[in-house]
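The values are calculated or read from the model by the stated rules, or taken from the named source; none is laboratory data. On a predicted model such as this, the values are computed, not experimentally measured, just so you know. Note: ideal-geometry Cβ built from the backbone for every residue, glycine included; neighbour counts use all protein chains shown. Accessible surface areas use protein heavy atoms only, side chains included; no ligands, DNA or RNA. Shrake-Rupley method; radii C 1.70, N 1.55, O 1.52, S 1.80 Å.
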Amino acid sequence: MKFTLLVMAMAHIATGLLPATPGDVQQQAAAPAAEVESELAQIPAWAAAQIAHRDGLADVAAAHLAEITSNTELSPGAARSVRHLLVESLVRSRQYEKALASAIGDELPVWRGLALAGLGQHKKALPLLSACVEQPTHPMFEYALLTLVASLRQQGDLDGAVEILQNAGDTSPRRQLILAELHLEQENYDAALKLLEGASGGGPVTVHVRDLLRAEALLARDAPEEAMAAISALLTLPPEALPPKIRYRATLLMADAMAASGGRAKAISLLKGYIDGVPEGRGVLWAFDRLFALDAFGSEEGLAVLRAWTKSPRPAVAMAAQLYAGNIDGRGENRDGAITELQTLAKGDNRIATRAKLLLSELWVEAADKEKALAALKALKASTDNPAVAARIAFVEARAHYKGDDFKTAADRFAAVAEGEGMAVAGSYNAALASLMADDEPAFRARLALLPEVSGAAARGELGVERALYMAANNEPEAREALSEFLRAHKGHPRAVDAHLALAGLYILEWPPKAKSARESLTAARKLESDATRAERADYLAFWIEEGSGEPEDAVRLAEIFIKQWPKSPLAPGVRMRQAEVYFRNGDYLEALRHFEKLTVDYPRSELAEPALFFAGRAAMLTLTEEGSQRALLLWQKLAKSDSPLAPLARRHQAQLKLRQGEQQEALTLLDAILDATPGEPLRTSALMLKGEALYLLGTAKPERMGDAVAVFDNALANPEISTAARNEILFRKGKAHEGLGQMTAALDAYHSVTTAPRKPLKDGETPEFRWFFRSGFESIRILEARKTPQDIGAAIRIADLLADTLGPRSAEARKTAEQLRLENFIWQE
């Protein structure tokens, strides 16, 4: 609640409150000639309009005058007199659009200027009002002056408004109050205090407002104790001596002063007491605004008080409480219920209803229901002529497009918002931010340049860090320099801690990670004023710095600290997962198992819970104990029974473990279940490979199963997209199956297919396959050597040479084998 709302109303800036003084029309135009007066005197509605005008009933006067213009044939002079009084009456009754439509040409510039100002079209109003202000003897000078000052203020031209007032000559008590308030808005508190302390004159109400403005200046100068002393004198006055609006404002200002002096609890108590004791019909909404700003409803006790107020017998209190309860619930877990309550509140035609409609739109924006939000805003826009509400609607509309990822439209809408009164900073800031998100760097820079030089300085710093953080989030090469530039250009900026944290994150992501620089940035961030969110981020980065720099002991220790400090953080499951992976990677499978399982217990709804369950099974299996194997089977069984995407993979690992335990038939049952579900690759090939292996093992007792194994391996090899490693392993195992059937030539063919196949270019991240390549080669050598024919020995030597010429882990062994074969068989190289 700004003082302007009170002072300007008292100053009669609201044109609907202009006093009706006989003769205004004659002062605007020449008096009607005798024949015009005679003509109008014959019209009863004219007399009624004159009486209503004299008594200040502008809307009644306008109705009578409209009747005359629509039902009576008038001479040009009489029509002009009726029209002039109609325009004036329409402006007085706030029917600004009708007033402008009724005026003809350039007549009545002052009334047209007042009408334009009333519509919020201050740029158009300024020249009309300025022309009148240049004539101090003009009968409408005072009203034109004060409306001109209000229009300049609405446009953000505080300096121009101050200059107009200071150059206007006589400084009346009313002008003093307005000038003091302008100084306050300029943050020129010394000038405001000097003016107020030297001011005099005016009635009791003027004196009370003067005290309030002085208290505001003292509070702004960090003198809350002096401000409270000034306000206390007002609040001790009896009710009849202090108008309700001033008492309300004094209460709010006293609460602000109490909070500023460290008495937050006292401020909350004062505001609660005001709400509990205020008579019906008096304003309470701004008191609720203050309580919300003081986080009075953030505790269970405070929320209970708010919910009790929602059932108050006084409608003003109940509705304001329902509005704020809806705001809290709507941004929590009861959004649907809050929307239903707010829709009921929004059915009225008052300030609460308007704010409920805006809040509903904002909740739909937050819920990413762009279409519903825009439809509600369109309906609200059509039902209001309040410029402030219209500006808020335009802002929420732009946010709806932003939340819907339509950044270009959002940027354009925010740019339009920036042209509105008092929205230059917020509109330009958000337009620049949306342009940044749309990857439109030229538009970002252009809109950044539109921010006002002084009032936009903070916003420029915010955009600088947002741009740098955006670049960091996208890991752009220039991000580090952008963050460093921000820190150099905006020393002491509140967002410096964010920049340091982002720098630490970038250093971690470099390869190799720059752990030392990351630690330095993190230390710099921790030295700055922070909050819980940033402290959480710092602890998170501390873990990743040590994890990325290869310090496992420090990493797991910091992970435990993070989870203990921030157990409800959305980052906690990821930290726990990585902690378990560190243990797993370092071969501590028991600790890995414990931490994987802790993740599934502590964060069962996390998207990492199922992967953690899967890897817990792997860790259990790798303990190489019977107990570990049984634990692995149980963990994978739990996953296999779920509808998780990992269920087939869990069954595959169960089958693999069953094979190791010699339970081939159970393994086959599991593998058939996987294959019946037609899995994708590479799971299908892996399952076929294990099935072939199981059949091979069963074939040692039942030869017919050995033939089934060959058929399964052929099925797997039919896949043209099979990887080199999988193909080589399958061919090797197929060769073994052929050997089991006594089909040595077929076995040799399978092994030979591995060693002579063209080596495909490696894919990204793929490593050369050597294991099955060398094993197949040595198996071929074994078979050929066993035949002992000169031709077979020669073939064995050629295969050994091929293996020796392939740079790999067993090439030296192959070279020795070739030499040994030559020596034993007296074969010399030419």
Subject >> Some residue of region 295-302 being of a type in the set (Gly, Ala, Ser) and either open to solvent by less than 40 Å² (accessible area, probe 1.4 Å) or on the phi > 0 side of the Ramachandran plot (or both) >> reply: yes
Original post:
Only one of 114, 148 is open to solvent by less than 30 Å² (accessible area, probe 1.4 Å), free of Cβ contacts under 8 Å to residues at least 60 places away in the same chain and either assigned to a helix (DSSP H, G or I) or farther than 19 Å from residue 49 by Cα (or both); which?
Top reply: 148
Original post:
Among the helices (runs of 4 or more DSSP H) contained in region 643-755, which hold 2 or more residues that are farther than 30 Å from residue 795 by Cα?
Top reply: 647-660, 664-676, 683-699, 703-717
Subject >> Single match in 185, 163, 197 (criterion: free of Cβ contacts under 8 Å to residues at least 24 places away in the same chain, within 23 Å of residue 116 (Cβ to Cβ) and open to solvent by 50 Å² or more (accessible area, probe 1.4 Å)) >> reply: 163
Original post:
So which residues in region 712-730 are surrounded by fewer than 18 Cβ atoms within 10 Å (Cβ to Cβ), at pLDDT 90 or above and of a type in the set (S, T, N, Q)?
Top reply: 715
**OP:** Starting from region 441-470, keep only residues that are more than 23 Å from residue 157 (Cα to Cα) and modelled with pLDDT of 75 or more, then list their pairs with residues that are small (Gly, Ala, Ser) and assigned to a helix (DSSP H, G or I) whose Cβ atoms are within a distance under 6 Å, requiring at least 6 positions of separation or different chains.
**Re:** 443/435; 444/432; 444/435; 463/432; 465/499; 468/482; 469/502
Original post:
So which residues in region 797-830 are more than 60 Å from the chain's Cα centre (by Cα), in a loop (DSSP other than H, G, I, E, B) and of a type in the set (A, V, I, L, M), if there are any at all?
Top reply: 827
**OP:** State which residue is surrounded by the most Cβ atoms within 10 Å (Cβ to Cβ) when the search covers only region 664-711 and only residues that are of a type in the set (Asp, Glu) and more than 50 Å from the chain's Cα centre (by Cα).
**Re:** 693
Original post:
If you check residue 226 against the conditions, is it over 37 Å from the mean Cα position of the chain (by Cα), under 28 Å from residue 291 (Cβ atoms) and acidic (Asp, Glu)?
Top reply: yes
**OP:** Could you pull out the residue among 103, 52, 62 that is at pLDDT below 85 and open to solvent by less than 70 Å² (accessible area, probe 1.4 Å)?
**Re:** 52
Original post:
If you take the residues in region 775-796 that are charged (D, E, K, R) and either closer than 25 Å to residue 726 by Cα or not in a helix (DSSP H, G or I) (or both), which one is most open to solvent (accessible area, probe 1.4 Å)?
Top reply: 788
Original post:
Do we find a residue being in a helix (DSSP H, G or I), surrounded by 17 or more Cβ atoms within 10 Å (Cβ to Cβ) and either touching an Asp or Glu at 6+ places or on another chain (Cβ under 6 Å) or on the phi > 0 side of the Ramachandran plot (or both) anywhere in region 534-548?
Top reply: yes
Original post:
Taking the condition crowded, with 17+ Cβ neighbours inside 10 Å and either at pLDDT 85 or above or of a type outside the set (S, T, N, Q) (or both), does residue 287 pass?
Top reply: yes
Original post:
Looking at 592, 632, 640, 609, which is the one that is under 27 Å from residue 549 (Cα atoms), crowded, with 21+ Cβ neighbours inside 10 Å and either free of Cβ contacts under 8 Å to residues at least 60 places away in the same chain or among the small types (Gly, Ala, Ser) (or both)?
Top reply: 592
